[in-house]
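See structure below.
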Amino acid sequence: MLSLKNLRVNHGPLTALWDVSLDVRRGEKVGLLGANGAGKSTTMGAIVGLYPRASGTITYDGQVLERPSTAQTVAGGIALVPEGRRLFAAMSVLENLEMGVYAAANRKDRAASLARVYQLFPILREKATQNAGELSGGQQQMVAIGRALMSRPRLLLLDEPFIGVAPKLIDEILSALHSIAAEGVTMILVEQNTHRALDFVERAYVIENGHTVLEGSREQLLADPTFAAKFLGL
Ligand code: ATP
């Protein structure tokens, strides 16, 4: 479904990604692991066209993506839940969710999408008219995920969705993500907590200093002594 080949991305004079390659098949849940500053967020941003490629290719659904606009990304069925959530704090929960409906084609599905978001996260219906900034960290993350779901993505990119979220709400969000995955939505999860990531994903890539250095199934990674020493504290 998605393939990155030898992707290089610069932030001004700084090269954030030197050589990132990964393949994600339809319906998979794939993790992106690595230390702070390794290039995980930049990889996600490059997929949705936030950052231009210096070289390498991004292929999605058999088509090479140049630098798509947000509207094209959404129309193609890709949605990003960005690091730090990026909500409009002074706007209501409902207004934030509606920000996720871009393309005209999605507008007619708006009511159905909203109903699905409220089914996954019932608290958001209760808080619909409250300002997003007044919600707890976990509830804000539900809004950020809900906003992404409003565009009915086929590929959902989640960048550190559990930061600042209380444990009980982490479980609620994980259970919602499992339901979304069960509907066939493909997911890439960036997560600092390796144990939590490997509980959720089937396969993961490790990024170090802008390079993909390791790939494996959950079982392969857990059995890899170098990986365990670096990421599992063993
Ligand atoms: P983190 O978990 O800290 O977000 P990360 O693995 O997601 O880490 P990136 O955010 O992709 O890493 O950062 C990769 C490198 O690019 C870092 O050196 C970072 O400082 C730099 N960087 C990231 N975004 C920008 C930006 N918008 N402008 C300039 N430099 C950036």
### Query
Could you give every pair whose Cβ atoms fall below 8 Å, whose first residue belongs to region 140-164 and is within 18 Å of THR43 (Cα to Cα), and whose second residue is surrounded by fewer than 23 Cβ atoms within 10 Å (Cβ to Cβ) and among the aromatic types (Phe, Trp, Tyr), counting only separations of at least 6 or pairs across chains?
LEU155/TYR60
### Query
Do we have any residue at all in region 50-59 that's away from the ligand (no atom under 12 Å from the Cβ), open to solvent by 40 Å² or more (accessible area, probe 1.4 Å) and without any contact (Cβ under 8 Å) to a residue 12 or more places away in the chain?
no
### Query
Counting only residues that are of a type in the set (D, E, K, R) and open to solvent by 40 Å² or more (accessible area, probe 1.4 Å), which one in region 1-47 is nearest to THR194 (Cα to Cα)?
ASP23
### Query
Do you know which of the residues in region 138-174 that are within 19 Å of GLY27 (Cβ to Cβ) and within 16 Å of the ligand (Cβ to nearest atom) is surrounded by the most Cβ atoms within 10 Å (Cβ to Cβ)?
LEU158
### Task
May I ask you to list the residues in region 29-43 that are farther than 23 Å from ALA228 by Cα and either more than 6 Å from the ligand (Cβ to nearest atom) or in contact with a Pro (Cβ under 8 Å, 6 or more places away or on another chain) (or both)?
THR43
### Residue selected from region 179-200 under the condition within 16 Å of the ligand (Cβ to nearest atom) and in a loop (DSSP other than H, G, I, E, B), by the criterion nearest to LEU22 (Cα to Cα)
GLU191
### Selected residue (criterion: farthest from ASP171 (Cα to Cα)) from residues of region 200-234 that are of a type in the set (D, E, K, R) and free of Cβ contacts under 8 Å to residues at least 60 places away in the same chain
ASP224
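Pick out the one residue from ALA46, ALA89 that is away from the ligand (no atom under 16 Å from the Cβ) and among the hydrophobic types (A, V, I, L, M, F, W, C). So that I can check it myself, show each step before the final result.
Details: ALA46 fails: away from the ligand (no atom under 16 Å from the Cβ).
Answer to the selection: ALA89.
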### Task
Identify the single condition in (1) more than 16 Å from the ligand (Cβ to nearest atom); (2) at positive phi that LEU94 does not satisfy, given that it satisfies every other one.
(2)
### Task
Consider only pairs whose beta carbons are under 7 Å apart and that are at least six residues apart or on different chains; among these, list those whose first residue lies in region 22-39 and is within 22 Å of ASP61 (Cβ to Cβ) and whose second residue is near the ligand (Cβ under 9 Å from one of its atoms) and among the aliphatic types (A, V, I, L, M).
LEU32/VAL190; LEU32/ILE207
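The values are calculated or read from the model by the stated rules, or taken from the named source; none is laboratory data. What you are looking at is a predicted structure, and each value in this text was computed from that prediction instead of being measured. As a convention, Cβ positions derive from the backbone with ideal geometry for all residues, glycine included, and neighbour counts pool all protein chains shown. Note: accessible area is taken over every heavy atom of the protein model, side chains too, but ligands, DNA and RNA are not part of it. Shrake-Rupley method; radii C 1.70, N 1.55, O 1.52, S 1.80 Å.
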